[in-house]
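For reference, the structure is listed below as structure tokens.
The values are calculated or read from the model by the stated rules, or taken from the named source; none is laboratory data. Small disclaimer: the values here were computed from a predicted structure and weren't measured. As a convention, Cβ positions derive from the backbone with ideal geometry for all residues, glycine included, and neighbour counts pool all protein chains shown.
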């Protein structure tokens, strides 16, 4: 039954981490108790998930985490009212609203939670290897990270010639 439930994921199953496989196996436990339309929806969403690129999946996970965090701030009635208000907007109004939204970062998806400075690795003078292009002037230290405003971009590491 489990193989039937997870069939839409067969093409990517080998690429999933053990943690992701466990999550999908946990999700599949509900499948037998779903009504036929619920089963169809679940398989449809799994097929959509498989069609996403790894970058799109990472972005979807990030959006889910943000939505989950925001949803804790509103009651069910408030969420429903906001959703109905949004649905009532014209396509033009929705586009205007989307244009006002903050731009998504390009490249890798940002971490859901920022990493604390004390968890960042500290490089000692002995671990710095000039032949590898890493010198003290271009290493970002935990202290420098902690002093930087949270919304300021981290400068790229440049290699000295």
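Before moving on, here are some points about what is shown:
- Restricting attention to region 78-92, the residues being modelled with pLDDT of 90 or more and either surrounded by fewer than 11 Cβ atoms within 10 Å (Cβ to Cβ) or outside any helix (DSSP H, G or I) (or both) number 8.
- Yes/no for residue 49 being within 22 Å of the chain's Cα centre (by Cα) and part of a helix (DSSP H, G or I): yes
Residues are listed down the side, and each one gets a yes or a no for (1) surrounded by 11 or more Cβ atoms within 10 Å (Cβ to Cβ); (2) modelled with pLDDT of 90 or more; (3) under 30 Å from residue 103 (Cβ atoms); (4) touching a helix residue (DSSP H, G or I) at 6+ places or on another chain (Cβ under 8 Å):
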residue	(1), (2), (3), (4)
24	yes, no, no, yes
33	no, yes, no, no
50	yes, no, yes, yes
58	yes, no, yes, no
64	yes, no, yes, no
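- One residue stands out in region 1-22 among those that are surrounded by 12 or more Cβ atoms within 10 Å (Cβ to Cβ) and assigned to a helix (DSSP H, G or I): the one that is modelled with the lowest pLDDT, namely 2.
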